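For reference, the structure is listed below as structure tokens.
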There are 2 protein chains.
Amino acid sequence: MKLRNRVEPTPSDIDIAQAADLRPISLIAEDLGLQETEFDAHGRYKAKIHLSVAERLKSQPGGHYVVVGGITPTPLGEGKSTTTVGLCQALGAYMNKPVLTVIRQPSQGPTFGIKGGAAGGGYSQVVPMEELNLHLTGDIHAVTASNNLLAAAIDARMFHEASQSDAALLKRLCPVDKDGQRTVAPVQQRRLDRLGISTPLDDLSPEDLKRFVRLDMDPDNITWRRVMDVNDRFLRGIVTGAAPTERGMKRDTAFDITVASEVMAVLALASSLGDLRERLGRMAVATSRSGDLVTADDLGVGGALTVLMKDALQPTLMQTLEHTPVLVHAGPFANIAHGNSSIIADQIGLKLVGPEGFVITEAGFGSDIGLEKFMNIKCRTSGLKPSCAVIVATVRALKMHGGGPAVVAGQALAPAYKGEDLELLRKGTCNLAKHVQNTCKFGVPVVVAINAFASDTDAELELVAQAAKEAGALQGVVCRHHAQGGEGAVQLAEAVQQACQSHSDFRFLYPLDLPLKEKIETIAREIYGASGIELQPRAEAQLEAFTRLGFGNLPICMAKTQYSFSADPAAKGAPSGFTLPIRDAQLSAGAGFVYPLVGEMMMMPGLPTRPCFYDIDVDTETGKVIGLS
Amino acid sequence: MKLRNRVEPTPSDIDIAQAADLRPISLIAEDLGLQETEFDAHGRYKAKIHLSVAERLKSQPGGHYVVVGGITPTPLGEGKSTTTVGLCQALGAYMNKPVLTVIRQPSQGPTFGIKGGAAGGGYSQVVPMEELNLHLTGDIHAVTASNNLLAAAIDARMFHEASQSDAALLKRLCPVDKDGQRTVAPVQQRRLDRLGISTPLDDLSPEDLKRFVRLDMDPDNITWRRVMDVNDRFLRGIVTGAAPTERGMKRDTAFDITVASEVMAVLALASSLGDLRERLGRMAVATSRSGDLVTADDLGVGGALTVLMKDALQPTLMQTLEHTPVLVHAGPFANIAHGNSSIIADQIGLKLVGPEGFVITEAGFGSDIGLEKFMNIKCRTSGLKPSCAVIVATVRALKMHGGGPAVVAGQALAPAYKGEDLELLRKGTCNLAKHVQNTCKFGVPVVVAINAFASDTDAELELVAQAAKEAGALQGVVCRHHAQGGEGAVQLAEAVQQACQSHSDFRFLYPLDLPLKEKIETIAREIYGASGIELQPRAEAQLEAFTRLGFGNLPICMAKTQYSFSADPAAKGAPSGFTLPIRDAQLSAGAGFVYPLVGEMMMMPGLPTRPCFYDIDVDTETGKVIGLS
């Protein structure tokens, strides 16, 4: 349905969203060809999609697969979600193409902190925006619950091992049942198999008994941290076990924001319930004193984590303001995690739209962040090949890259951003060019979407379109979907449609059998423009350890600032010749990647002096949410 | 619908639950007289009830209001939820009475820890039991999220106040808008009104500016703690702010389990969305250096907390195995909180069943715990009057009170509990008698439900029934709903029906205008059998402070072990003449009670060496949950 009753100037996001004429989600599902048994409504405007639909449609050819990335953003964001939504509204409501948007679930931390929500904006939004930005169908809460159950299991196990003999541990871990038999849970059998122990438990040698019942985790090598979906900076560093009941077993650790949890990455990368179970079970949480990895299954908790996550594995169906369907699924941040929505949602979406249709999926931040990980991690894991990539650019951000003053959230924009300045803009196009060139390296046709603001002049917009083509994009298209909804993105949609018909030769940036260090170097040189990397000793040691433990073949998920191609957020434009510092590296054995930390990365945001929440309330008469942005 | 195909011996809870023939929740809602716009399905077997139904039915007379309490339990539990459910199945499926069960949402902590779930058991269960025991419709997650947003706001505010001048704080808290006006959010206006400040902000005296912009919270007097719905003992005592970015602002604090959060108590005691907003806003989180209470609204976050909680304010509709309706709503633990499901669910339920119907609501643990708080806090807040109380007793627990060996979860029962022992049992009936007498003090007719186990003999059951009557109960009724479903509780249902017709003269145990200390003493003497209380200095000082601050009129919510009438869990039977130690007292200004801590109360459970989660997994072929109990 095309938008009716558009108003100028554009009202606030929440006013537009609350005034929208929504279609019952059961009808959205029906439009998509879902059968009644293939989805569960969660209220009137959300539904969970059953994974059985993928099985039913397995022989159906899939649609065009379009990924939306961006240039290096300002802290205000360049409207990437808005463009993703506007493009879909254009394809669906104006060009009558089967189309499905796939986006990440927003974290509640930023919603109440500085940034506000992530439902798109203006007349290109996913609705109801309050539900998208808040609990939705509880998937992020499920990630928090399972991450933290695993964390509790680690400390509790260390506590119990510290006070019990091997025999006492066996007695409790595998109690004798009514018939005098030792009970061995299936998850314990997994551990016995992994240890190569087949002797009856009561006949174990003292060494094997110890190997089985003691995980012997090294308190200084616990890599698993607790998480919370709140911007709580005082949890960045904590000491646990400080109560007398824990008998002095204090430990330095931290909370990360939930979207940084490996459980979130696993949710986004799992291809089935069975795959979810295996990935969760093999997540490594610690190293034992003898150097072995300790996994969730070693702790006996892989099954319970799967139980906590099984409903979250179903994507949530919503709609845009113009009634095109949206799947919301998983929400890893792109700077500290892999920054892409789920494989399952994309897979189901491609089947549902069919060969003439389009799945538009968003990758967080720039081509150096979410898009690189989309190609090298997500597509490698799923086997899906993108038909086309869209890079979203704004005049504002390019002026910043050309040397414009700093753009700071919550502060007024400098005059340079309010009037025409072709020189500043021209200088800044180097950033766009690098993102386009990066994307071309994956062999995928590129379209640049120029998200126009009211203050942009025609000459400025034309300059950006020209720069896009010069850099290798098929087209640079001005779009005005924020003010106009899908109608403002029809030209973009046409360009995307053409790009999907053009030649594509998708390839990865690196082969998996390259050593870990060389894979990191490849990303740094090819995508960031670095001259090389500098592995700090801790990172070097970690990469060696992962290789020794058999994880050398994993892809790389860089944790790097989104505000620059380099590790320095202040280095705008397209810096080159710098050395990229790698401070540390972590293993995500369940998600299936190695995770280098570039410089100091903040895993838990904080709240400003006046957080967004000051404006948020409920109208207690109508029940409507006020002040969410 | 009466149960078909019952099997003997009784299969496991999850096997019964998964074999059940469930009715679509929309039909359960229809049976209850709910209109299509008055509920939102959440999947096939759960629905959220809109509060508008209370408005529509406001002139409808309510039904009989029955509360189910218990005797002092063993750690295995005495089947109180099971009895609540069985009683409803009998009333609904066998006696064709309009009936509605109201229970609390189980905490996930114990589900994965030691205790297992809380959906009832055997052929008296709420289904789907997996959904009840896990995320359900996300209400507990919403409590966690809002509790912890408030916690983050506290530490962040202290951090920002520490580094900024009064003028800088004003500049950020009330920024100047485009028209040069200072923005004052409605929640900030609340604070200005409370402080009696009406001067324009830029003309404030330095003193008033400081009073407005600085909450000046005393780090040693922050009472708000973070929460998590996981049994994580290593969070019982933590140090926050240990990362360098927090500039040395370390603080000793702790996590409680979510069900101990004041937000949970507020959810259970709120009567409307407006009431929820006010209660959340006035929750006190700290004392300032000058001795003022600092509230959630002072931090600007009361509205955001309400937004996070507004969907949780809607009770969740489910069903029993015999298709009678169930409302699940709120879940405060009874020992460390007030232990009752929500007022809203009971109110809606009474209207829905109508004057001939029954609402059966459960109060946690014994008459000294959930039932006392049901009467003195919940009914006082709601204005509802109970028609009858049911006290659930078991032969097993009474034998323990008679001096039987300790009953320990996860260990085999001693022989005393497996064969007839009338002497032990007779001695233990003192515990039942005290619970019956306690309940009678509220002027409410009492029925004792004797939850029979296969090993109980007729003589034992008869002895308990006799003891019940001698103590003042109208009847002592043997019931077998675990093995037989509603059919096994028909006699109990008949007794409850009769009790509801008999004379009731509901009264509170204490008037609100009694001093706080005397209210505590009254509960200790009248309900616990203590000879008096011993206020430790910290408790004494707190009670004085609360009285001075204007909270002397609040009711009392004791935090006391559920395993004894006294503060000593080992003191079984009906101890008397002891002095009750009051270690500390807290204020729940939003929930509306003062909260004395009797002895050492554990606010965060731990995990045993072999937690329940070892047995829990998903069958990845069928998607079914395995091993939940």
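Structure notes:
- Along its three principal directions, the equivalent ellipsoid of the stretch B:90-229 from the Cα gyration tensor extends over semi-axes of 50, 19, 13 Å, largest first.
- On Cα atoms only, tilt of A:537-548 relative to the major axis of chain A in degrees: 70
- Of B:66, B:7, the order by accessible heavy-atom surface (1.4 Å probe, DNA, RNA and ligands excluded), from most exposed downward, is B:7, B:66.
- With a cut-off of 17 Å on the backbone N, the residues of the stretch A:404-448 near the modelled label site 7 Å out from residue B:172 along Cα-Cβ are A:408-412.
- Rg and Dmax of the stretch A:24-116, Cα atoms only, in Å: 16.2, 45
- Distances, shortest first, from the label point of residue A:22 to those at the same position in the other copies read 2.3 nm; the point lies 7 Å along Cα to C-beta.
- Teacher prompt: residue A:289 distances to equivalent labels in other copies, 7 Å Cα→Cβ, nm: 4.7
- Rolling a 1.4 Å probe over the protein chains gives residue B:310 an accessible area of about 50 Å².
- Residue B:572 contributes about 60 Å² of solvent-accessible surface, heavy atoms of the protein only, 1.4 Å probe.
- Computed over chain B, the P(r) tail beyond 45 angstrom holds 18 percent of alpha carbon pairs.
- Pairing chains B and A buries close to 6800 square angstrom of accessible surface in total, based on protein heavy atoms and a 1.4 angstrom probe.
- The stretch A:320-342-the stretch B:543-581 distance, computed between alpha-carbon centres (Å): 50
- Helix B:422-440 axis, angle to chain B major axis (alpha carbon atoms, nearest 10°): 50
- Among the residues of B:131-137, the average count of other protein chain beta-carbon atoms within 10 Å of the residue beta-carbon is 3.
- FRET E, pair residue B:514, residue B:600, Förster distance 30 Å, beta-carbon r, rounded to 0.05: 0.65
- Note that the stretch B:140-302 shows a convex hull volume over its alpha carbon atoms of 136 Å³ per residue.
- Separation of the residue B:462 and residue B:254 label points, Cα + 7 Å toward Cβ, nm: 5.0
- Kirkwood hydrodynamic radius of the protein assembly as shown, from inverse mean 1/r over distinct Cα pairs, in Å: 31.8
- Summed over qualifying helices (DSSP H, 4 residues or more, each -39500 (n - 2.57)) and divided by its residue number, chain A shows a 222 nm mean residue ellipticity of -9500 deg cm²/dmol.
- Just so you know, the Cα atoms of the stretch B:285-348 work out to an Rg and Dmax of 17.1, 59 Å.
- The stretch A:148-223 and the stretch B:169-203 have Cα centres spaced 60 Å apart.
- Share, in percent, of DSSP beta bridges within the stretch A:516-598 that are antiparallel, nearest 5: 50
- Under the combined filter of DSSP loop state and at most 11 neighbouring Cβ atoms within 10 Å, the stretch A:53-142 retains these trypsin sites (Lys or Arg not before Pro): A:58.
- Estimated FRET transfer efficiency (residue B:545, residue B:470; beta-carbon r; R0 45 Å; 0.05): 0.50
- Inter-copy spacing of residue A:547 label points, which lie 7 Å from Cα along Cα→Cβ, given in nm from shortest upward: 7.3
- Entry note, chain B: relative contact order of 21 percent, from Cα contacts under 8 Å with a spacing of 6+ residues.
- Segment residue A:418..residue A:440, full-extension length gain: 4.7 nm, with 0.36 nm per residue of separation and the alpha-carbon distance subtracted.
- Mean projected area (nm²) of the alpha-carbon convex hull when the stretch A:516-598 is viewed from all directions: 4.9
- Looking at chain A alone, DSSP beta bridges between its own residues are antiparallel in about 45 percent of cases.
- Rg then Dmax, both in Å and based on the Cα atoms of the stretch A:95-137: 11.9, 38.
- Accessible carbon and sulfur surface of the protein assembly as shown relative to its total accessible area, %, 1.4 Å: 49
- Rounded FRET efficiency, nearest 0.05, which uses the C-beta distance separating residue A:182 from residue B:531 and R0 of 51 Å: 0.55
- Rolling a 1.4 Å probe over the heavy atoms of the protein chains gives the stretch B:140-302 an accessible area of 36 Å² per residue.
- Peptide A:619-629 has a mean shielding of 4, counted as Cβ atoms of other protein chains within 10 Å of each residue's Cβ.
The values are calculated or read from the model by the stated rules, or taken from the named source; none is laboratory data. If you're wondering where the values come from, they're calculated on a predicted model, not measured in any experiment. Here the Cβ is made from the backbone with ideal geometry for all residues, glycine too, and neighbour counts use every protein chain on show. To get the accessible areas, we keep the full protein, side chains included, count just its heavy atoms, and leave off ligands, DNA and RNA. Shrake-Rupley method; radii C 1.70, N 1.55, O 1.52, S 1.80 Å.
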